[in-house]
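The structure appears below as structure tokens.
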Amino acid sequence: MSLDRNSDRRVPLKGRAEMRIQILRCGTIGLAACLLGSLAGVGARAVAQGSASWDRSAAADYLDARQAWWMDWPTAARDHGTSCVSCHTTAPFALARTALRQTDGPGAVESRMLANVESRVTAWEEVEPFYTDEKYRAGKSLESRGTEAILNALILSNRDASRGTLSPTTRQAFDNLWALQRRDGPRSGGWPWLGFSLEPWESPTAPFFGAALAAVAVGMAPDGYVSSPGVAPHVARLRDYLSRTADTQHVFNRLMALWASAALPETLTGSQARATVKEAMRLQQADGGWSLSSLGPFERSDGTPVDAASDGYATGLVTVALQSSGVTSRAYAGASLQRGLAWLRQHQGPDGSWPASSLNKARDPESDRGRFMRDVATSYAVLALTAER
């Protein structure tokens, strides 16, 4: 643990394997400010204790049911008896389910999901891409490979971090990942990423989102993987891409980079991290939550207005990013974080989920497709609430 004083890049503390990450707290704000922030955090926590609790079991049941449905949904089916590894349900489910787990091993749904990912990794040369050039349009096969490589590595690295040992299959997943990393051009250091003009995961800005997930995956990998000699050049390119392009991204992507910078030190400069925290605080709503619609220039394709109410995805993402950046010790942000966590505790639905709505079109929130945003909202709410100190 150290502070790189020459480059204004902070090196964070990496805590529990289930992505409970906090960065060095006093290095960039000074001892006095840190002490004041700690006192403010005590007061904020005292207020938050009066807030509603949340139901871990109900959240787990919701996530299990939705992941099981996804793996059995014909539209999600892929060749070799596998299913698509989605950004909205599978990948966040994997992270949240590990965070929720209170036993030594995964349950039936999580085990099935992991087996699906492992089978696609080990049969990488045989399985078809999620979307092929032949069935869709030119470029989709490569985009699918890049997207899947990141999600597979994230899911398996998260699993291995909870065990403390990097498995051979996860090493293969990382090998698949690095083989597709771009080595030149404006997106050098990033990856091909699916684009279907859908926000926020399949849009023109989504490759940055994917690269941030890759940084989280690499940063959490056990056994000192990030420092492996053959990995270092790839990691350097990834850090450069995220840092070099972060200032041009909308707030949603910058929050992803803030989270990634806690997992993978030296990804953002201290000034970039502080600017993102400040902008997130500015966008906090009166009820203590955040709205996904405020985190980017999002417009629905059907002409309906995006939902401006606070939602579980935005509030979960912001609080996860703030927690990982260490703002609990800062007077100017600790109270804001606690208000966000209080919003999450107060807005879990009867079915165990948290609300969120599509950025692309108005959908029936009770339909299976309409629940995709609720799936990811629930996962990020769980990540934030299980990381509370």
**OP:** Please express the shape of the range 131-201 as an equivalent ellipsoid: the semi-axes are the square roots of 5 times the eigenvalues of the C-alpha gyration tensor, given largest first in whole angstrom.
**Re:** 25, 14, 12
Subject >> Options Thr319, Gly349, Pro305, ranked by Cα towards positive dipole end of the range 248-367, top entry (Cβ charges) >> reply: Thr319
Original post:
Out of the range 282-389, which GluC sites (Glu not before Pro) are coil in DSSP terms and have no more than 10 other C-beta atoms within 10 Å?
Top reply: Glu366
Subject >> Cα-projected label distance for Arg369 with Ser53, points at 7 Å along beta-carbon direction, nm >> reply: 4.0
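Of Thr267, Thr122, which has the most accessible area with a 1.4 Å probe, and how do the rest follow in descending order? Could the numbers behind the result be given before it?
Numbers: Thr267 0, Thr122 80 Å².
Sorted descending by solvent-accessible area, the residues read Thr122, Thr267.
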Subject >> Computed lengthening from Asp223 to Thr122, 0.36 nm per intervening residue step minus Cα-Cα distance >> reply: 34.3 nm
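Can you tell me the length gained on complete extension of the stretch Glu266 to Glu299, counting 0.36 nm per residue apart and subtracting the Cα distance? The partial results should precede the final answer.
Details: separation 33, 0.36 × 33 = 11.88 nm, distance 3.32 nm.
Contour length minus Cα-Cα distance gives 8.6 nm.
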Original post:
Residue farthest toward the positive end of the dipole of the range 144-207, with Cβ of Lys/Arg at +1 and Asp/Glu at -1: which of Trp191, Leu177, Pro207?
Top reply: Leu177
Original post:
How much of the accessible area of the range 183-315, probe 1.4 Å, is carbon plus sulfur, in whole percent?
Top reply: 53
**OP:** Report, in debye and to the nearest 20, how large the dipole of the range 301-389 comes out about its Cα centre when Lys and Arg carry +1 and Asp and Glu carry -1 on their Cβ.
**Re:** 360
**OP:** Using amide H atoms built 1.01 Å from N in the peptide plane, name the residues 5+ places from Arg78, or on other chains, whose amide H lies under 5 Å from its own.
**Re:** Ser83, Cys84
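Residue separation times 0.36 nm, minus the C-alpha to C-alpha distance between Ser197 and Ala286: what's the value?
28.9 nm
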Subject >> Solvent-accessible area per residue for the range 287-389 (1.4 angstrom probe, square angstrom) >> reply: 33
**OP:** Compute, for Lys278, the solvent-accessible surface of its heavy atoms (probe 1.4 Å) with the complete set of protein chains present, and express it in square angstrom to the nearest 10.
**Re:** 150
Subject >> Lys, Arg +1 and Asp, Glu -1 on Cβ, resulting dipole of the range 227-314 about Cα centre, debye, nearest 20 >> reply: 400
Original post:
How would Glu110, Glu125 rank on accessible area, largest to smallest, probe 1.4 Å?
Top reply: Glu125, Glu110
Original post:
Quick one: with all protein chains in place, what share of the accessible area of the range 87-171 is carbon or sulfur, to the nearest percent (1.4 Å probe)?
Top reply: 47
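Please calculate how many Å² of accessible area the range 77-127 carries per residue, with a 1.4 Å probe and no DNA, RNA or ligand atoms counted.
Numbers: 1960 Å² over 51 residues.
Using a 1.4 Å probe on heavy atoms only, each residue of the range 77-127 averages 38 Å².
Charges at C-beta only: +1 for Lys and Arg, -1 for Asp and Glu. How large is the resulting dipole of the range 94-161 about its Cα centre, in Debye rounded to 20?
My answer is approximately 260 debye.
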Subject >> Solvent accessible area, Å² - Glu199, 1.4 Å probe, full protein context >> reply: 40
**OP:** Using the Karplus curve 6.51 cos²θ - 1.76 cosθ + 1.60 with θ = phi - 60°, work out ³J(HN,Hα) for each residue of the range 257-266 in order, rounded to whole Hz, and write x for Gly and Pro.
**Re:** 5, 4, 4, 4, 5, 6, 6, 10, x, 6
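The values are calculated or read from the model by the stated rules, or taken from the named source; none is laboratory data. Every value quoted in this text rests on a predicted model; they were computed, and no experiment measured them. Reconstructed Cβ throughout: ideal geometry from the backbone, glycine too, with neighbour counts over all protein chains shown. Side chains included, ligands, DNA and RNA excluded: accessible areas come from the protein's heavy atoms. Shrake-Rupley method; radii C 1.70, N 1.55, O 1.52, S 1.80 Å.
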